[in-house]
Each structure stands twice: as C-alpha cells, then as structure tokens.
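Reading through the structure tokens given below for one structure.
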Amino acid sequence: MNKFQNLYQKLYKKYGHPSGQWKIWCKRPKTYKEREEIIIGAVLTQRTNWNNVERAISCLKEAGICSIYGVFENARKRKEKFADLIRSSGFYKQKAGYLFGLAKFIVETYGDIKEMKKQKLEKLRKELLSLKGLGKETTDSILLYALDKPIFVIDEYTRRLAKRYRLSENFSYDSLQKLFQGNLPKNYRLYQDLHALIVIEEQKRQ
DNA sequence: ACCCAGGTGGCCC
DNA sequence: GGGCCACATGGG
C-alpha cells in the first residue's frame, strides 16, 4: 500500500465515512436534485466558508429555486433579487453571473443533469472550464461530486496537506492532481471520500 | 480592528 | 508561466 492509500486508511479510521459531515456531497446514491444543489454549492463556496454558503442555499430553497432551472429562470430576469438571495456567500454579484452562465449552459446544452451525467469526463471538463467563473477546482468539484466522474479535486487544503506530508516537490494544480490520481485506483467514490477527509482533517488542524 | 474562508478573471510582465 | 488586485460576506 502506498502513501496515498495509507493516508485514506488513516483518515478514515480517524473520522469515519465523510458523509457524516459532508452529508450531501459524499452521500451515495444521490438524487438529481442533490446533484444540482452540489453544482450550485461548488460555485458559491469559492473563497467562502461553508457556513455562509449554507445560508445562501437555504435562501434559494426557501425561494424554491435551488435548482439549475431555477437559477436559469431567475438569475437574469430577476437579477438583483437573485443576487440578494446568495448575498451571504460573498462576491455575490459575481457569483450570480457565474451561476447564470453555468445554468444556461446546462439547460441549453443538455437539458438536465441526467443527460449531462452521461457525457464523457474529458468533454465535460473542457466545456465547463470554458465557462466564466469555472476554474479547475470548481469544475473538478462538479465533475467529481455532482456527476460522479473520477477526477481528483485539488484545493488549498489538499495543497496544504501535501506540503505538510511532503508528498511532492511541485504543488501546482496539475502536478498534484496527477500525483493523487497516479497513486490511487481510479474510483470516484475513493476520490470523493479522500478529498473530503483531507478537508475535514485540515480544517480541524487550525 | 484586524484575519480568514473548499477561487476566478483580468491585467501585467 | 507567475505576481498582483478586485470581488464581499459573516465568524472569530
């Protein structure tokens, strides 16, 4: 067993299955409604703590528009009102624009998440990365957690842990992603759970 | 009154 | 390719 598989074993023993804390993101199986909530959450959580994201998601739910179509219908027509619902997530005007572009792409290209999920990882990744507001981390979070595609997410916590454990000499997004994927079986469940456990571990260390 | 949180785009060199 | 800045809220 290599360092990476060992890390998973260690964190799993310490925290148990991450669905205890990442209730929706690590849940299996997921409903399509939950997958849509993850996609929205992936954008809202950019540079923002999860508590503020949850408030924003609650507001969207209360308004009955915590869905891709709900965002598509509301983020442009009722722009100010929509942005106000996600105010607590910070950078809210910018994120409202990002969410609209993403929802529009999904609705117009695939119609729904069920159809989108059938597509190949590489194709989806290229398409999502071309949208405004979706960089590598947000794109890969959507692919991994909302669409069950086997791609490992690199974020500040993963980078921090990789530095602490001296897992690499190069901490760029691409090289860390290659390193994790090259040392783990290609399995979306493992990728979801290990990444979540890394975040849980690093958040606790503060 | 600071500092931080599950980034990204734009601009510069 | 990297460095810097704007984007904004709520909690400690």
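Read the figures in this text as sums done on the coordinates, not as results from a lab. No experiment lies behind these values; they were computed from the predicted model shown. Positions of Cβ are backbone-derived with ideal geometry, glycine not excepted, and every protein chain shown enters the neighbour counts.
Counting only alpha carbon atoms, the long axis of helix A:173-182 and the longest principal axis of chain A meet at about 60°. Beyond 27 Å, the tail of the calculated P(r) for chain A holds 30 percent of the Cα pairs.
On a 0 to 90 degree scale, rounded to 10, what angle separates helix A:3-15 from the longest Cα axis of chain A? The helix A:3-15 is inclined about 70 degrees to chain A.
For A:S58, A:S67, which order do you get if you count the other beta carbons within 10 Å of each Cβ and list the fewest first?
A:S58, A:S67
Over chain A, dividing the summed -39,500 (n - 2.57) contributions of all DSSP H runs of at least 4 residues by the number of residues returns a 222 nm mean residue ellipticity of -18500 deg cm²/dmol. Shape call for the range A:21-65 from the C-alpha gyration tensor, a ≥ b ≥ c root eigenvalues: rounded (a/c under 1.5), prolate (a/b greater than b/c) or oblate? Verdict is oblate for the range A:21-65. A Gaussian network model of chain A, with springs between Cα atoms under 10 Å, assigns the largest mean-square fluctuation among A:A196, A:A63, A:A162 to A:A63. The magnitude of the dipole of the range A:61-206, with charges of +1 and -1 set on the Cβ of Lys/Arg and Asp/Glu and taken from the Cα centre, is near 160 debye.
Take the Cβ atoms of A:H17 and A:N51, set R0 to 30 Å, and the FRET efficiency comes out at 0.85. With no solvent and one equal point scatterer placed on each C-alpha of the range A:31-147, evaluate the Debye formula and give log10 I(q)/I(0) for q = 0.15, 0.18, 0.19 Å⁻¹, two decimals. Normalising to I(0) and taking log10 leaves -0.57, -0.84, -0.95. Taking only Cα atoms, what is the 0 to 90° angle, nearest 10, from helix A:50-62's long axis to the longest principal axis of chain A? With rounding to tens, the tilt is 30 degrees.
Legend: Rg and Dmax of the range A:141-191, from Cα coordinates, 10.9, 31 Å.
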